[in-house]
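Worksheet: the structure to be examined is printed underneath.
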Amino acid sequence: MPGLVNALVIVAVVAVVIARQFRTRAIDTDRRWWLLPVVLAVVALREPGVLDAHHRAESAALLTVELLIGLATGAGWGWTTRIWTASDGVIWTRSTKASVAVWGVGVALRVGAFALGFALGIHQDSSALLLGLACTLLVRGGILAWRAQSGGIMSAPAPAYGGDMQPAWKERV
C-alpha cells in the first residue's frame, strides 16, 4: 500500500508543479521554497524499502543515478525558466519551451534507469522516484531563489508573455 500512496503523491505533486510552473506567476523570495522538497524527501525516506535488500550495491547505484538525474533536471529547469521584474518591483517567472524539453529528457532518463533496474532484477520502490522529484524541486527552487535575489534578471517580460509592452524604438541605419 505505501507504494501506491507514494505513486499517488508523485502524480499529484507533478501535476500541481507542472500546472503552476507553466503559468506566469509571482515569486516571493522570502517564501520557504525548500519546504515541499523536504516534505517529499521525508515521505520517501520513511519507508525501509528505498534499497533492494538482495541487491544493495546495485540499488544504491540506481538511487544515485536517480538523484543525479534529479539534480540535472532541477538545474536545467531552473536555468531555462524565464524570470523578470515588473515595473512595480514584483518578480515574475514562467517556464519556457526549453523547460518542457528539460522535463522530457529527465522523464526519459528516469524511465531508462527504471528499465535498467528491471532488466537487472533490482526491486525499485517508488521512494527513489520521490527522492529524485524532491531533488529536482529543491535544486530548481534554489536556483530560482538565487536568480531572483541576485538582481541579474530582466526588467521586462519577453513579448511572448504579453502584458503592456511598448514597441522598442529602432534607430535607422
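The values are calculated or read from the model by the stated rules, or taken from the named source; none is laboratory data. Remember, it's a predicted structure, so these values are computed and weren't measured experimentally. Ideal geometry is used to build each Cβ from the backbone, glycine not excepted, and the neighbour counts take in all protein chains shown. The area values use the complete protein model at the heavy-atom level, side chains included, leaving out ligands, DNA and RNA. Shrake-Rupley method; radii C 1.70, N 1.55, O 1.52, S 1.80 Å.
Put simply, of 25, 46 the only residue that is open to solvent by 40 Å² or more (accessible area, probe 1.4 Å), under 22 Å from the mean Cα position of the chain (by Cα) and farther than 29 Å from residue 118 by Cβ is 25.
Looking only at the stretch 41-61, residues that are under 30 Å from residue 22 (Cα atoms) and touching a residue at least 24 places away in the same chain (Cβ under 8 Å) come to 4 in all. Whether a residue is within 14 Å of residue 141 (Cα to Cα), among the aromatic types (Phe, Trp, Tyr) and buried (at least 18 other Cβ atoms within 10 Å of the Cβ) was assessed, and residue 92 passes this test. The set of residues from the stretch 36-51 being in contact with a Leu (Cβ under 7 Å, 6 or more places away or on another chain) and over 19 Å from residue 122 (Cβ atoms) comprises 36, 37, 40, 41, 43.
Take the residues in the stretch 62-81 that are without any contact (Cβ under 8 Å) to a residue 60 or more places away in the chain and crowded, with 17+ Cβ neighbours inside 10 Å; name whichever of them is farthest from residue 117 (Cα to Cα). Ranking the candidates gives 80 first. In the condition set (1) assigned to a helix (DSSP H, G or I); (2) in contact with a helix residue (DSSP H, G or I) (Cβ under 6 Å, 6 or more places away or on another chain), residue 118 is compliant with all but (2). Consider the stretch 121-139 and keep the residues that are in a helix (DSSP H, G or I) and among the β-branched types (Val, Ile, Thr). The one that is most open to solvent (accessible area, probe 1.4 Å) is 139.
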